[in-house]
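*Asks:* Sharing a structure, written as structure tokens. Questions coming.
The values are calculated or read from the model by the stated rules, or taken from the named source; none is laboratory data. In this text the structure is predicted, and so the values were computed from the model without any measurement. Glycine also receives a Cβ, built like all others from the backbone with ideal geometry; neighbour counts cover every protein chain displayed. Note: accessible area is taken over every heavy atom of the protein model, side chains too, but ligands, DNA and RNA are not part of it. Shrake-Rupley method; radii C 1.70, N 1.55, O 1.52, S 1.80 Å.
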Amino acid sequence: MSNFAVIQRFLKEKLDEGFVVRLKDKTIFKCRKLIVSTGGLSIPKFGSDGFGYKLARQFGHAVTELDPALVGLKAKEPLLTICKNLSGVSLDSKVTIGKQSFRENVLFTHKGFSGPAILQISLHWQTKGEIVIDFFPDQNMSEYFDRWRREKTKSQVGTLLKTLFPSRFVDGFISHFIGEELLAKKIGEWSKKSENQLNQYVHRFSFLPEETEGYLKAEVTRGGVDVNEISSKTFESKLVPNLYFIGEVLDVAGWLGGYNFQWAWSSGYVAAQSIASKDKP
């Protein structure tokens, strides 16, 4: 038999009349149609190992660049130390890269940043480009400062900020960038320059991640079997008749919120319906 390859657990061969699947224990299955639903590289403890990509390449399909996605991002020093000290602190934030933004919680971790907003933005981060976080979206720090200068002239800035943010965030994040001495000053002693500096770190904090937390933590794999080589109506290969690819093995990755589960179920349903219609007498 020609055109076969030993790939990890299985040996798969494309025959004129269908497919042969040989398991590691020598068990053999034969079928006229084959659906590949092996997932991606994400969360390997569940058995994901990229086998579907190797199978796709065996049958001549292109596989786009693969990356972990919907995953936490690692910070570089000295920011990493700050994140470690703030591990567990979560803030409603707006996270942006380029023209793409997400408004959800950001969580400080012992490795960097996580939380829904970070996981979402990781879909659009490919090892380059700074990420910008607004820790106080839909509000303006300067408006608070204007009111505080009128109403709370003798109050310390650090104390006032703790009415807006978690104490650990003020003591561990803002204090690091602004300085303890400045936060200890009264609001009436603050200059506009200091206020603008604070605004920069609160509303436009930018950082360049070192890397993602990898496939071990990633909820999906970005990239996969090139969808241009797959029928969008049946999910059948355009290169190999009766070979189907569904779910995460394809170059499709959705946002958080069940989109990837829905994609897997829907693509599987469509492929099954296509096969059933072909098999009707």
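*Asks:* Note down the net charge around residue 70, summing +1 for each Lys or Arg and -1 for each Asp or Glu among other residues with Cβ under 13 Å from its Cβ. It would help to have the intermediate numbers written out before the result.
*Replies:* Values: positive: 217, 222; negative: 67, 104, 213, 219, 248.
Summing Lys and Arg as +1 and Asp and Glu as -1 gives -3.
*Asks:* What does the C-alpha gyration tensor say about the overall shape of the range 82-196? Classify as rounded when a/c is under 1.5, otherwise prolate if a/b is larger than b/c, or oblate.
*Replies:* Because a/c hits 1.5 or more and a/b exceeds b/c, the range 82-196 counts as prolate.
*Asks:* Among residues other than residue 169 whose Cβ falls under 15 Å from its Cβ, what is the net charge (Lys/Arg +1, Asp/Glu -1)?
*Replies:* Working: positive: 84, 162, 168; negative: 92, 134, 171, 180.
So the surrounding residues net to -1.
*Asks:* Between residue 103 and residue 266, what is the label-point separation in nm under the 7 Å Cα-to-beta-carbon projection?
*Replies:* 2.5
*Asks:* OK, next. Among all the lysines, which ones have a C-alpha under 18 Å from residue 238's C-alpha, if same-chain residues fewer than 8 places away are not counted?
*Replies:* Straight-distance partners of residue 238: 14, 33, 54, 278.
*Asks:* Next question, about the same structure. I'd like to compare 183-195, 20-32, 165-177, 106-118: which one has the highest average count of other Cβ atoms within 10 Å, and what's the full order after that?
*Replies:* Values: 183-195: 14.6, 20-32: 11.3, 165-177: 17.8, 106-118: 22.2.
Per-residue Cβ counts within 10 Å, averaged per peptide and sorted highest first, yield 106-118, 165-177, 183-195, 20-32.
*Asks:* At a Cα cut-off below 28 Å, give the lysines reachable from residue 76, other chains included and same-chain residues fewer than 8 away excluded.
*Replies:* Within the straight-line limit of under 28 Å, residue 76 reaches these lysines: 45, 84, 94, 99, 111, 128, 162, 193, 217.
*Asks:* Ok, one more. Could you give the accessible area per residue of the chain, probe 1.4 Å, as a whole number in Å²? Don't skip to the end; give the middle numbers.
*Replies:* Working: 14830 Å² over 281 residues.
Heavy-atom accessible area per residue stands at 53 Å².
*Asks:* Right, something else. Would you mind putting 255-261, 34-40 in packing order, based on average other-beta-carbon counts within 10 Å, highest first? List each step's numbers first, then the result.
*Replies:* Values: 255-261: 13.9, 34-40: 21.7.
In descending order of packing, they fall as 34-40, 255-261.
*Asks:* Additional query: How large, in percent, is the carbon and sulfur part of the accessible surface of the chain at a probe radius of 1.4 Å?
*Replies:* Details: 7630 of 14830 Å².
With neighbouring chains kept in place, the figure for the chain is 51 percent.
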